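The values are calculated or read from the model by the stated rules, or taken from the named source; none is laboratory data. Everything numeric in this text was worked out from a predicted model, so none of it was measured. As a convention, Cβ positions derive from the backbone with ideal geometry for all residues, glycine included, and neighbour counts pool all protein chains shown.
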């Protein structure tokens, strides 16, 4: 088995063909001069075929790029011939629908950016430039709308790779290089508190306390000016970060006892004492020098930070990168898989889906001897595909995850998989299937005493009741979910429940209450630095729908925010919905772009949006 190394190792051997779509498009061929495309639309065609997962019919491609030509299909054939010439023997492009196939030794910069290790992706991201830079493609408004969405998505991917590279270098102790990447990520999204926390933390670890204070002060002023709020817990924790102090060498048994005590406290609900204990275990394990304990102390702390303390995922990720490096060097594949499953989970929540898919696919490949990790990683990967709107992949993975959870005797994992599977059914309008799976998920969570999870399937149950025109049941279920979420203090579960309650109010004709509740839900969904981003966009969709229905003056603002966030993250179905909202407000090309993108989403309900 070959395990991908998350480091800055370089590719061996030169690729036969390099296709560069970031910046000014270009092709490089080893040992010869490539054919040069003569038409901007030929570049557009190649870009679309590379970035679109499904083969596209010739009629659709002709409509997308050549609708204004006298003979659109003939113009398409000419551009296809151009693309064939540039590929030569290193690829093929044919059929109807048109399928593009590239040889294994062809390097495409956008593919490397999305699916390479952070080191491989950084070679691409370092060059800069947006997708297909240059003049607009004339007479193709639907393509221009699609291109804008893809540019946003790839810019977001670049930002994610910069952040991941900084964490990877931090884990290796290369603090100066890590800081450089972290600063670049923060410059791309100055209001992202995780980026700022990492920059401040790195300044502290390097020992440049003045720079850390200047960064903190500048970010505080920016937050106040833009949002009227102060820094969150992750930034405050980074501000007080200190290099790990040396501790006296202790015994392995003593370190084990500290880890066990911290984990037991977390399990008993004593979160703060448990975290304190686990934090103290890390330097003790380092002093003891036993790799197994260094891995276990960091894993226990990272999992506690990610799953028990809201807003501390950033610190947890840093520890997971250290676990990945230590365990991989030791050949400890079980813990490599465990760390990568958790890294994938954090990226899933943050809607960094390309990076999440990379980590989770690795975890599944190397977790075959660990049913618990295999079930967890499969559940998370299925959830990634569900968020993206890749429903056939989501269904297959979530069904398998439920089976794995059941086989492992893990009711919590099975409950999670069933809830996510029920959400797919809900989104696709399969209400009976959704109701059955969500009911089973609730029962399993209750049987497993997983009260902190219950509001999620209950909130989805409420949406099912509403879709079935059962407002009383919907209100009862959603009120219970909301009350539980508030008791837990979980902003994501509060937000999804509040969204449902807003739609109940709208169904009852209480439109003012519906808007107020949706706006409150949106605020809750972004209250911490590590929210579940899909929930935020789901709430924006409801705001846009109500805003259009009632001609609310803020509708255009909500549509713009939804389109930006959905396209940046690659949420296909929600991008389609955002484009439909935008088209209804009069934006040229968005209706055609929505219809085009909808062909990539296996959801018959989307067709109702175009009538």
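Does residue 439 count as part of a helix (DSSP H, G or I) and either closer than 22 Å to residue 576 by Cβ or more than 22 Å from the chain's Cα centre (by Cα) (or both)?
So residue 439 passes the test.
Within segment 95-123, how many residues turn out to be touching a strand residue (DSSP E or B) at 6+ places or on another chain (Cβ under 8 Å) and surrounded by 16 or more Cβ atoms within 10 Å (Cβ to Cβ)?
Count: 9.
Quick one: how many residues across segment 222-241 are in a loop (DSSP other than H, G, I, E, B), under 22 Å from residue 156 (Cβ atoms) and touching a residue at least 40 places away in the same chain (Cβ under 8 Å)?
1
If a residue has to be in contact (Cβ under 8 Å) with a residue 12 or more places away in the chain and over 30 Å from residue 527 (Cβ atoms) to count, how many in segment 330-366 make the cut?
The total comes to 12.
Does at least one position in segment 396-407 carry a residue that is in contact (Cβ under 8 Å) with a residue 40 or more places away in the chain, in contact with a helix residue (DSSP H, G or I) (Cβ under 9 Å, 6 or more places away or on another chain) and part of a helix (DSSP H, G or I)?
No, there is no match, as no residue in segment 396-407 is in contact (Cβ under 8 Å) with a residue 40 or more places away in the chain, in contact with a helix residue (DSSP H, G or I) (Cβ under 9 Å, 6 or more places away or on another chain) and part of a helix (DSSP H, G or I).
Does segment 419-428 contain any residue that is within 22 Å of the chain's Cα centre (by Cα), in a loop (DSSP other than H, G, I, E, B), in contact (Cβ under 8 Å) with a residue 12 or more places away in the chain and crowded, with 17+ Cβ neighbours inside 10 Å?
Yes, segment 419-428 contains at least one residue that is within 22 Å of the chain's Cα centre (by Cα), in a loop (DSSP other than H, G, I, E, B), in contact (Cβ under 8 Å) with a residue 12 or more places away in the chain and crowded, with 17+ Cβ neighbours inside 10 Å.
Could you list, in sequence order, the residues of segment 132-149 that are buried (at least 21 other Cβ atoms within 10 Å of the Cβ) and within 24 Å of residue 28 (Cβ to Cβ)?
Of everything in segment 132-149, those that are buried (at least 21 other Cβ atoms within 10 Å of the Cβ) and within 24 Å of residue 28 (Cβ to Cβ) turn out to be 132, 147.
Determine, yes or no, whether residue 596 is closer than 14 Å to residue 389 by Cα and buried (at least 16 other Cβ atoms within 10 Å of the Cβ).
The answer is no for residue 596.
Name every residue in segment 200-218 that is touching a residue at least 24 places away in the same chain (Cβ under 8 Å) and either within 18 Å of residue 156 (Cβ to Cβ) or in contact with a helix residue (DSSP H, G or I) (Cβ under 7 Å, 6 or more places away or on another chain) (or both), in order of residue number.
200, 201, 202, 203, 204, 205, 206, 212
Only one residue in 254, 268, 261 is farther than 27 Å from residue 366 by Cα, surrounded by fewer than 23 Cβ atoms within 10 Å (Cβ to Cβ) and modelled with pLDDT of 95 or more. Which one?
261 is the lone residue from the list that is farther than 27 Å from residue 366 by Cα, surrounded by fewer than 23 Cβ atoms within 10 Å (Cβ to Cβ) and modelled with pLDDT of 95 or more.
Out of (1) at pLDDT below 95; (2) in contact with a helix residue (DSSP H, G or I) (Cβ under 6 Å, 6 or more places away or on another chain), the odd one out for residue 488 is which?
So the condition that residue 488 fails would be (2).
Examine segment 365-383 for a residue that is over 22 Å from residue 300 (Cβ atoms), surrounded by fewer than 21 Cβ atoms within 10 Å (Cβ to Cβ) and not assigned by TED's automatic domain parsing to the domain that holds residue 112, and state whether such a residue exists.
Looking through segment 365-383, at least one residue is over 22 Å from residue 300 (Cβ atoms), surrounded by fewer than 21 Cβ atoms within 10 Å (Cβ to Cβ) and not assigned by TED's automatic domain parsing to the domain that holds residue 112.
Identify the residue in segment 467-497 that is crowded, with 23+ Cβ neighbours inside 10 Å and without any contact (Cβ under 8 Å) to a residue 40 or more places away in the chain and, among all such residues, is nearest to residue 269 (Cα to Cα).
Filtering first and then ranking leaves 485.
Condition (residue is more than 25 Å from residue 593 (Cβ to Cβ), touching a residue at least 12 places away in the same chain (Cβ under 8 Å) and outside the structural domain of residue 39 (by TED's automatic domain parsing)) applied to segment 150-162: is it met by at least one residue?
Looking through segment 150-162, at least one residue is more than 25 Å from residue 593 (Cβ to Cβ), touching a residue at least 12 places away in the same chain (Cβ under 8 Å) and outside the structural domain of residue 39 (by TED's automatic domain parsing).
Checking residue 502 against (1) closer than 25 Å to residue 602 by Cβ; (2) part of a helix (DSSP H, G or I), only one condition comes out false. Which one?
Answer for residue 502: the failing condition is (1).
Just one of (1) outside any loop (DSSP other than H, G, I, E, B); (2) without any contact (Cβ under 8 Å) to a residue 60 or more places away in the chain; (3) surrounded by fewer than 24 Cβ atoms within 10 Å (Cβ to Cβ) trips up residue 564, so point out which.
Among (1) outside any loop (DSSP other than H, G, I, E, B); (2) without any contact (Cβ under 8 Å) to a residue 60 or more places away in the chain; (3) surrounded by fewer than 24 Cβ atoms within 10 Å (Cβ to Cβ), residue 564 violates only (2).
Within segment 194-221, track down each residue that is surrounded by fewer than 14 Cβ atoms within 10 Å (Cβ to Cβ) and either modelled with pLDDT of 95 or more or assigned to a helix (DSSP H, G or I) (or both).
Listed by number, the residues that qualify are 209, 210, 214, 217, 218, 221.
State yes or no: is residue 350 more than 20 Å from the chain's Cα centre (by Cα), closer than 30 Å to residue 150 by Cβ and modelled with pLDDT of 95 or more?
no
Scan (1) in contact with a helix residue (DSSP H, G or I) (Cβ under 8 Å, 6 or more places away or on another chain); (2) under 12 Å from residue 22 (Cα atoms); (3) free of Cβ contacts under 8 Å to residues at least 60 places away in the same chain for the single condition residue 121 breaks and write down its number.
(2)
Name the residues in segment 122-139 that are part of a loop (DSSP other than H, G, I, E, B) and either under 21 Å from the mean Cα position of the chain (by Cα) or modelled with pLDDT under 80 (or both), would you?
126, 127, 128, 130
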